[in-house]
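Let me begin by presenting the structure, written as structure tokens, before commenting on it.
The values are calculated or read from the model by the stated rules, or taken from the named source; none is laboratory data. This one's a predicted model, so the numbers in the text were calculated from it and none came from an experiment. Using ideal geometry, Cβ is built from the backbone for each residue, glycine included, and neighbour counts are taken over all protein chains shown. Quick note on the areas: whole protein, heavy atoms, side chains included, nothing else; ligands and nucleic acids left out. Shrake-Rupley method; radii C 1.70, N 1.55, O 1.52, S 1.80 Å.
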Amino acid sequence: GGEGGLFQVWIEMEKLQEVLSVENLICLAFLLGISVYDIYFHRISKAVLVLANLLAAFRTLYTLTMAEGKLGRADEMDLIWAAAGAGAGLLLLGVARLTGEAVGYGDGWLVMALGIYLGLWGLMEVLAAAWVLLAAAAAVCLIKKKWSRKAVLPMTPFLTAGFVILLAGEYFRA
């Protein structure tokens, strides 16, 4: 019966449009582009990372000030969570420095942009999913003897997958 038929039963279009907002689609496009670049060139473009961080910062400040033209109490907490997310990226940059780039600087800058955009808790969801997937991929590669313990996997495709998992979680959350 009704318009939309079977497809409408499975997908709630309003909810899907909310999850696949223009902002989230831009973020996903950045992540996909960065992932492809990282896979092929084993590095991340500094210009793209600067742009990603600037966009995340401007978007966060804009959305926090847009509602009433000034920061309100709830918005202050959002700003604190965005700053905490940026702090997680700074922490990863510190890890990159201490480990001689076992984790690359580009990954730290990308995590900083994601932290600003998603806030600390959204970033933690992305990182948890990314690291589980990364560990599983590394285990498969080691078990199949595709590479040694010293080989590296690019982190950005796993961050991208983590972001997709976050979006899926937002869609299926009640």
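Tabulated values for the structure
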read-out: Top-ranked residue in segment 66-98 [being of a type outside the set (A, V, I, L, M, F, W, C) and at pLDDT 90 or above; ranked as farthest from Leu127 (Cα to Cα)]; value: Arg97
read-out: Given (1) in contact (Cβ under 8 Å) with a residue 24 or more places away in the chain; (2) open to solvent by less than 70 Å² (accessible area, probe 1.4 Å), index of the condition Trp147 fails; value: (1)
read-out: Conditions (1) modelled with pLDDT under 95; (2) closer than 19 Å to Ile26 by Cβ; number of the one not met by Leu110; value: (1)
read-out: Identity of the residue in segment 104-119, without any contact (Cβ under 8 Å) to a residue 60 or more places away in the chain and over 11 Å from the mean Cα position of the chain (by Cα), that ends up nearest to Thr60 (Cα to Cα); value: Gly108
read-out: Qualifying residue in segment 126-134 (condition: within 18 Å of Glu23 (Cβ to Cβ) and either without any contact (Cβ under 8 Å) to a residue 40 or more places away in the chain or within 17 Å of the chain's Cα centre (by Cα) (or both)); value: yes
read-out: Meets criteria (surrounded by 22 or more Cβ atoms within 10 Å (Cβ to Cβ), out of contact with any Phe, Trp or Tyr (no Cβ under 9 Å at 6 or more places or on another chain) and assigned to a helix (DSSP H, G or I)) for Phe163; value: yes
read-out: Among the candidates Val132, Val126, Val152, residue that is under 18 Å from Ile34 (Cα atoms) and surrounded by 13 or more Cβ atoms within 10 Å (Cβ to Cβ); value: Val126
read-out: Residue in segment 81-98 that is most open to solvent (accessible area, probe 1.4 Å), counting only those that are under 22 Å from Ile165 (Cβ atoms) and in contact (Cβ under 8 Å) with a residue 24 or more places away in the chain; value: Trp81
read-out: Test: residue in segment 99-106 that is of a type in the set (A, V, I, L, M, F, W, C), closer than 22 Å to Ser35 by Cα and either open to solvent by less than 30 Å² (accessible area, probe 1.4 Å) or out of contact with any helix residue (DSSP H, G or I) (no Cβ under 8 Å at 6 or more places or on another chain) (or both); value: no
